[in-house]
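Below: one structure, written as structure tokens.
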Amino acid sequence: MTTSFDIARLDSASITSVVAEQILSMVSSAAEADGTAPLSEQAVKAVSADGDQVHLVATSGSTVVGYAGIAPGSPAMAEAVVHPDFRGHGTGRALVERALTEIGDGTRIWAHGNLEPAQSVARSLGLEIARELLQLRRPLATPELPDVALQQGISLRTYRGHQDDAELLRVNNAAFSWHPEQGGWTGKDIEERRNEGWFDPAGVFLAFEEGTDTLLGFHWTKVHPAEAGEDEIGEVYIVGIDPQAQGRGLGRILTLAGLHYLKSRNLTDVLLYVEADNAAAVHTYERLGFTRFHVDAAYARP
């Protein structure tokens with residue numbers, strides 16, 4: 001049986017609460033069916049937030065059967081999902097093809113988990129992998145976590161509130177000046193995350209030049225609630241090191257501080273994301289017992 005569908009282009013002001021609820025419900029259904037979330041945290045937030053995101057909504061009658069969100073930028077980033085009950089009718093291919101034409105061929109299309117259906121769509125459209133994001137995982141029980149060994153001249157504490165935000169932003173934007181999603185943060189980005197239900201100031205670790213207020217690096221942890229058949233799991237959410245402080249072992253120190261905290265929360269496992277071509281970071285995490293779990297791939301026109 002063939003399912004016909006229409007694709008509408010909407011801006012953020014045009015997404016009704018009913019449509020947003022259907023999209024988010026579809027995202028949950030897809031995550032449960034595929035074993036991986038089809039949209040990133042930022043893309044999920046954008047469904048019901050104000051902003052310049054472009055929304056492509058595929059509907060069959062009054063039912064939302066597919067969705068693609070496009071975040072303008074250089075390059076623009078798109079993410080798509082099709083409801084598991086409505087797959088096999090060309091909806092995914094149509095959404096991806098439309099996303100490429102909406103913003104331009106420089107648009108990158110994320111395939112979370114790089115599952116076979118996404119690879120098939122990419123092949124049919126002549127797309128190639130332009131970027132890979134690795135998800136690494138490790139159990140928190142074994143191998144045993146090394147102790148946190150502070151280097152001379154470094155002090156470590158947790159987040160104390162708004163007074164830490166200016167230094168957090170400075171280091172974040174210096175460390176990720178090259179990064180299309182993590183760079184260019186403002187106070188609003190910190191505020192949004194501070195207002196999330198998962199936020200815990202005891203899970204944000206800050207390394208300072210001893211005796212000063214100069215931040216050298218930070219590790220922001222996160223705990224994901226149990227969902228889609230998976231237990232509650234910790235995340236090495238963001239590790240940022242001031243480029244001027246590289247070479248002092250801060251990445252290992254901060255990562256370990258966060259891992260010990262997550263273990264104290266009685267979590268079984270922890271995950272993190274790292275760019276596949278960031279060899280130094282991948283090496284650091286592998287030495288700490290992380291192994292590859294899956295790959296998110298960004299496809300683009302060659």
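Mind checking whether some residue in segment 126-137 is under 30 Å from THR284 (Cβ atoms), in contact with a helix residue (DSSP H, G or I) (Cβ under 7 Å, 6 or more places away or on another chain) and either open to solvent by 20 Å² or more (accessible area, probe 1.4 Å) or among the aromatic types (Phe, Trp, Tyr) (or both)? For segment 126-137, residues under 30 Å from THR284 (Cβ atoms), in contact with a helix residue (DSSP H, G or I) (Cβ under 7 Å, 6 or more places away or on another chain) and either open to solvent by 20 Å² or more (accessible area, probe 1.4 Å) or among the aromatic types (Phe, Trp, Tyr) (or both): absent.
Tally up the residues in segment 33-48 that are under 16 Å from VAL18 (Cα atoms) and touching a helix residue (DSSP H, G or I) at 6+ places or on another chain (Cβ under 7 Å), please.
3
Just to be sure I understand, how many residues within segment 188-246 are of a type in the set (Asp, Glu) and under 27 Å from LEU140 (Cβ atoms)? So the count comes out to 7. Among the residues making up segment 182-221, a single one is under 22 Å from GLU235 (Cα atoms), open to solvent by 60 Å² or more (accessible area, probe 1.4 Å) and polar (S, T, N, Q): ASN195.
Every condition in (1) open to solvent by 40 Å² or more (accessible area, probe 1.4 Å); (2) farther than 21 Å from VAL295 by Cβ; (3) touching a Lys or Arg at 6+ places or on another chain (Cβ under 8 Å); (4) of a type outside the set (S, T, N, Q) holds for LEU145 except the one numbered (1). The residue pairs whose first member lies in segment 146-169 and is over 15 Å from ARG194 (Cβ atoms) and of a type in the set (A, V, I, L, M, F, W, C), whose second member is open to solvent by 60 Å² or more (accessible area, probe 1.4 Å) and not in a loop (DSSP other than H, G, I, E, B), and whose beta carbons are closer than 7 Å, counting only pairs six or more residues apart or on different chains, are VAL148/HIS260. The single condition among (1) among the basic types (Lys, Arg); (2) more than 14 Å from LEU206 (Cα to Cα); (3) not in a strand (DSSP E or B) that LYS222 does not satisfy is (3).
Is it fair to say PRO117 is at pLDDT below 95 and open to solvent by 40 Å² or more (accessible area, probe 1.4 Å)? In short, yes. Considering segment 244-302, and only residues there that are in a helix (DSSP H, G or I) and β-branched (Val, Ile, Thr), the residue that is modelled with the lowest pLDDT turns out to be THR284. The set of residues from segment 1-36 being part of a loop (DSSP other than H, G, I, E, B), loosely packed, with under 12 Cβ neighbours inside 10 Å and in contact (Cβ under 8 Å) with a residue 12 or more places away in the chain comprises THR2, SER4. Looking for something more than 30 Å from ALA298 (Cβ to Cβ), open to solvent by 30 Å² or more (accessible area, probe 1.4 Å) and of a type outside the set (Phe, Trp, Tyr) - is there at least one such residue anywhere in segment 168-180? No, segment 168-180 has no match at all.
Here the condition is being modelled with pLDDT under 95, among the β-branched types (Val, Ile, Thr), farther than 28 Å from VAL274 by Cβ and surrounded by fewer than 22 Cβ atoms within 10 Å (Cβ to Cβ); of THR59, THR101, THR63, it holds for THR101 alone.
Among the residues of segment 82-106, which ones are aliphatic (A, V, I, L, M) and either more than 23 Å from the chain's Cα centre (by Cα) or under 19 Å from SER14 (Cβ atoms) (or both)?
ALA94, LEU95, ALA99, ILE103
Applying the criterion of being of a type outside the set (A, V, I, L, M) and in a strand (DSSP E or B) to the residues of segment 104-114, the residue that is modelled with the highest pLDDT is TRP110. Against the conditions (1) surrounded by fewer than 22 Cβ atoms within 10 Å (Cβ to Cβ); (2) part of a strand (DSSP E or B), GLU79 satisfies every one except (1). Would you say LEU140 is hydrophobic (A, V, I, L, M, F, W, C), more than 25 Å from LEU24 (Cβ to Cβ), open to solvent by less than 50 Å² (accessible area, probe 1.4 Å) and out of contact with any Phe, Trp or Tyr (no Cβ under 8 Å at 6 or more places or on another chain)? Against the criterion (hydrophobic (A, V, I, L, M, F, W, C), more than 25 Å from LEU24 (Cβ to Cβ), open to solvent by less than 50 Å² (accessible area, probe 1.4 Å) and out of contact with any Phe, Trp or Tyr (no Cβ under 8 Å at 6 or more places or on another chain)), LEU140 qualifies.
Among the residues of segment 223-247, those that are within 18 Å of GLN151 (Cα to Cα) and surrounded by fewer than 17 Cβ atoms within 10 Å (Cβ to Cβ) comprise PRO243, GLN244, GLN246, GLY247.
The values are calculated or read from the model by the stated rules, or taken from the named source; none is laboratory data. Nothing here was measured: the structure is a model prediction, and the numbers come from that model. Every residue, glycine as well, gets a Cβ built from its backbone with ideal geometry; the counts of neighbours run over all protein chains shown. Just the protein is used for accessible areas: all its heavy atoms, side chains included, with ligands, DNA and RNA removed. Shrake-Rupley method; radii C 1.70, N 1.55, O 1.52, S 1.80 Å.
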